[in-house]
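The values are calculated or read from the model by the stated rules, or taken from the named source; none is laboratory data. What you see is a predicted model; the values in this text were computed from it and never measured. Here the Cβ is made from the backbone with ideal geometry for all residues, glycine too, and neighbour counts use every protein chain on show. Accessible surface is based on the protein model in full, side chains and every heavy atom, while ligands, DNA and RNA are left aside. Shrake-Rupley method; radii C 1.70, N 1.55, O 1.52, S 1.80 Å.
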Amino acid sequence: MHVPDGLLPNIVCLSGYGLMGGLTWYSLCQIKRDKNSTENIPKASLLTAAFFVASLIHIPIPPTSVHLVLCGLMGAILGYYSFPAILIGLFFQAIMFQHGGLSTLGINSLIFGLPAIASHHFFTLGKQLTGENPVGRKILAFITGFSGTALAALLFSAIVAFNIPADLDSPVEKAAILAFLIAHLFLAAIEGAFMVMVISFLERVKPELLQGNG
């Protein structure tokens with residue numbers, strides 16, 4: 001789901017960097033207000049590593065393969081820490097494995113970071129509505145994990161679809177984007193189920209990890 005170098009016009013890449021800078025600044029301002037930043041930074045570091053490694057775990061869904069995204073999980077656990085965490089993970093993925101690119105780092109940070117922040121707000125609101133209802137919490141976790149990945153896939157598809165180079169076969173490319181979306185809906189369901197397991201485990205053994213951050 002990473003946009004590679006050379007696919008997008010320069011103006012789009014520059015715009016991505018500008019938006020990335022603004023969201024990074026805003027996220028850091030939110031983090032600065034956190035009274036428990038000393039405790040939350042190690043947690044953010046751990047999930048940054050998990051996000052980095054997740055891109056290397058490929059799941060075959062014919063006619064393609066997908067990898068875990070973890071936008072919903074990172075947003076739910078990290079809050080606004082998730083955006084700089086994702087940015088760092090994407091940077092090292094690009095320079096170490098050429099997964100994505102440096103010119104598209106800003107765009108890729110938006111593709112993964114915006115769903116993570118949206119998931120943070122959705123999960124926080126959902127916890128207030130579900131209270132201590134265990135079934136409600138599981139449904140909330142599934143929807144958060146599913147929607148985080150689905151939103152990232154939609155953002156990727158929209159950005160690529162609106163910037164297909166004129167010399168490429170547009171119908172073929174659009175068919176490929178549709179196949180990509182369908183495959184990632186299956187991935188979204190997998191991530192939703194995975195998030196249910198992770199959140200259920202944390203609620204039993206370390207519920208403080210699920211407190212709001214930022």
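Which order do peptides 181-191, 107-117, 7-17 fall in by mean Cβ count within 10 Å, highest first?
Most protected by this proxy first, the peptides run 107-117, 181-191, 7-17.
For the Cα atoms of the chain, what angle does the longest principal axis make with the long axis of helix 82-97, in degrees from 0 to 90, nearest 10?
With rounding to tens, the tilt is 40 degrees.
Angle, helix 170-205 long axis vs. longest principal axis of the chain, Cα atoms, 0 to 90°, nearest 10?
The helix 170-205 is inclined about 10 degrees to the chain.
With the Cα gyration tensor of region 15-60 giving a ≥ b ≥ c as the square roots of its eigenvalues, does the rule (a/c under 1.5 for rounded; else a/b larger than b/c for prolate; else oblate) give rounded, prolate or oblate?
On the way: a/c = 4.46, a/b = 1.27, b/c = 3.52.
Oblate shape, in that a/c is at least 1.5 and b/c is the bigger or equal ratio.
For region 113-160, what does the accessible surface come to per residue with a 1.4 Å probe? Please give it in Å².
Dividing the accessible area of region 113-160 by its residue count gives 46 Å².
How much length is gained on full extension from Gln128 to Ile59, taking 0.36 nm per residue of separation minus their Cα-Cα distance? Intermediate values should be presented prior to the final figure.
On the way: separation 69, 0.36 × 69 = 24.84 nm, distance 3.40 nm.
So the extension gain works out to 21.4 nm.
With angles folded into 0 to 90 degrees, how steeply does helix 105-130 sit against the dominant principal axis of the chain? Use alpha carbons for both and round to 10.
Here the helix axis deviates by roughly 30 degrees.
If amide hydrogens are placed 1.01 Å from N in the peptide plane, which non-local residues have theirs closer than 5 Å to the one on Ile61?
Val66
Heavy atoms only, probe 1.4 Å: what % of the accessible area of the chain goes to carbon and sulfur, would you let me know?
72 percent
For an R0 of 45 angstrom, estimate the FRET efficiency from the Cβ-Cβ distance between Ala193 and Asn10 and round to the nearest 0.05.
With a Förster radius of 45 Å, E is 0.65.
What is the spin-label model distance, in nm, from Leu28 to Ile41 if the labels are put 7 Å beyond Cα along the C-beta direction?
Label at Leu28, label at Ile41, 1.3 nm between them.
Separation of region 177-209 and region 136-152 by C-alpha centroid, Å?
7 Å
Tell me the net charge near Thr130. Cut-off is 12 Å between Cβ atoms, Thr130 excluded, with +1 for each Lys or Arg and -1 for each Asp or Glu.
+1
Using only the C-alpha atoms of region 1-104, find the volume of their convex hull and express it per residue in Å³.
On the way: hull volume 10.6 nm³, N = 104.
Per-residue hull volume (Cα only) is 102 Å³.
When only Cα pairs under 8 Å and 6 or more residues apart are kept, what is the percent relative contact order across the chain? Write out the running numbers ahead of the final one.
Numbers: 306 pairs, mean separation 61.9, N = 214.
Computed value for the chain: 29 percent relative contact order.
Using a ≥ b ≥ c from the Cα gyration tensor of region 72-214 (square roots of the eigenvalues), is it rounded, prolate or oblate, where a/c under 1.5 gives rounded and otherwise the larger of a/b and b/c decides, a/b for prolate? Working shown, then result.
Working: a/c = 2.64, a/b = 1.74, b/c = 1.51.
Taking the square roots of the gyration eigenvalues as a ≥ b ≥ c, region 72-214 is prolate.
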